[in-house]
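The values are calculated or read from the model by the stated rules, or taken from the named source; none is laboratory data. Since the model is a prediction, treat every value here as computed from it, not as a measurement. Positions of Cβ are generated from backbone atoms using ideal geometry, with glycine treated the same way; all protein chains shown enter the neighbour counts.
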Amino acid sequence: MRIPLIDAHCHLEGIPDKELNGLVSHALEAGVNRMITSPTQMKEWARSREISQRYREVEYTLGLHPWFLQEKDRNVKTLLRENYSEDVIGIGEIGLDGGRKKIDIKLQIAVFTEQLEFAIEKNLPVIIHCHRAWSEMIKVLKETGVPRAGGFVHSANTSPEIAESLFTLGLSISAGGNTAFNPGRKLVQSLKAAYPNHLLIETDSPNMNPLKRSEPNRPENISVNLKNIASLLGEPETEVARATTENASKIFRLELG
Ligand SMILES: [Zn+2]
């Protein structure tokens, strides 16, 4: 029997309606049982919810991605409170990006912290983006805390030492297209540290196509990611599928089937 997969992180908000049916059925054919779509800006929140209501295979989160922040986003906790409903399964995509110099890191930290606090208050798992801001990230997580429900840093390209401190804090990491095209030694070591208890699988669609970077990615390509991850770990695909699905369903409290 094929093990069902959970695409723990993707962005379906920008996919036109006419393409969604095909996208979902191709994902199902590839063994994907659930897709967790995460908006990056507030203007997408209603769309995330709409798609999740239309397809039982799609769940959604709410959040503001660091790349698009503006001063007005400092009141994100109020916005989350106003838009929250029982079907929201997590807070994401949220985080810090030190590579985006135009977006003041202090603003990023303030908005990330508010969103983390909201997640703690509601005990919702977090989906975190972190790039070139690991020391700030660990500092905020230590000071603010982590929801009991946990969460993960998606496409985490970090050292095994930092990965271990994430696990100690109650978080996991997810891997996807970052394992294609000759991943670095550190990433492989982090994956090995995460497996089997702290590893999830994702596509980050429409980003990070593991076959051809310049083309839009789709959740069906999760099978390519599974293959790459299993080969880097030196583990059978079925075992990696089983472990990553179990970890994701635990974090998001999903009943598969
Ligand atoms: Zn993403």
Could you check LYS77 against (1) within 16 Å of the ligand (Cβ to nearest atom); (2) touching an Asp or Glu at 6+ places or on another chain (Cβ under 6 Å) and say which number it fails? (1)
Specify which of the listed residues (ILE138, ILE128) is more than 16 Å from the ligand (Cβ to nearest atom) and at negative phi. ILE138
Among the candidates THR168, THR238, THR203, residue that is loosely packed, with under 15 Cβ neighbours inside 10 Å, closer than 20 Å to CYS130 by Cα and polar (S, T, N, Q): THR168
Out of (1) more than 15 Å from the ligand (Cβ to nearest atom); (2) surrounded by 18 or more Cβ atoms within 10 Å (Cβ to Cβ); (3) farther than 23 Å from GLU117 by Cβ, what's the single condition that is false for GLU13? (1)
What is the one condition in (1) over 17 Å from the mean Cα position of the chain (by Cα); (2) on the phi > 0 side of the Ramachandran plot that VAL240 does not satisfy? (2)
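Given the structure, is ILE173 in contact with a Phe, Trp or Tyr (Cβ under 8 Å, 6 or more places away or on another chain), under 18 Å from HIS11 (Cα atoms), buried (at least 22 other Cβ atoms within 10 Å of the Cβ) and hydrophobic (A, V, I, L, M, F, W, C)?
Yes: the conditions hold for ILE173.
Please pick out the residue among VAL76, VAL111, VAL126, VAL146 that is out of contact with any helix residue (DSSP H, G or I) (no Cβ under 7 Å at 6 or more places or on another chain) and β-branched (Val, Ile, Thr). First the steps, then the outcome.
Details: VAL76 fails: out of contact with any helix residue (DSSP H, G or I) (no Cβ under 7 Å at 6 or more places or on another chain); VAL111 fails: out of contact with any helix residue (DSSP H, G or I) (no Cβ under 7 Å at 6 or more places or on another chain); VAL126 fails: out of contact with any helix residue (DSSP H, G or I) (no Cβ under 7 Å at 6 or more places or on another chain).
Exactly one of VAL76, VAL111, VAL126, VAL146 is out of contact with any helix residue (DSSP H, G or I) (no Cβ under 7 Å at 6 or more places or on another chain) and β-branched (Val, Ile, Thr), namely VAL146.
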What are the residues in the stretch 16-33 that are closer than 19 Å to VAL224 by Cβ and touching a residue at least 24 places away in the same chain (Cβ under 8 Å), if any? LEU23, VAL24, HIS26, ALA27, LEU28, GLU29, ALA30, GLY31, VAL32, ASN33
Looking only at the stretch 154-171, count how many residues are within 22 Å of PRO210 (Cα to Cα), touching a Leu at 6+ places or on another chain (Cβ under 6 Å) and at pLDDT 95 or above. 0
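Could you check, for the stretch 34-41, whether at least one of its residues is away from the ligand (no atom under 15 Å from the Cβ) and without any contact (Cβ under 8 Å) to a residue 60 or more places away in the chain? Reasoning before the result, please.
Going through the stretch 34-41, the residues away from the ligand (no atom under 15 Å from the Cβ) turn out to be 34.
Filter once more, so that each one left must be without any contact (Cβ under 8 Å) to a residue 60 or more places away in the chain: none.
Checked against the condition, which is being away from the ligand (no atom under 15 Å from the Cβ) and without any contact (Cβ under 8 Å) to a residue 60 or more places away in the chain, the stretch 34-41 yields no hits at all.
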Restricting attention to the stretch 24-33, does a residue exist that is within 16 Å of the ligand (Cβ to nearest atom) and within 18 Å of ASN207 (Cα to Cα)? no
Looking only at the stretch 139-173, count every residue that is in contact with an Asp or Glu (Cβ under 9 Å, 6 or more places away or on another chain) and under 20 Å from ILE105 (Cα atoms) and tell me the total. 3
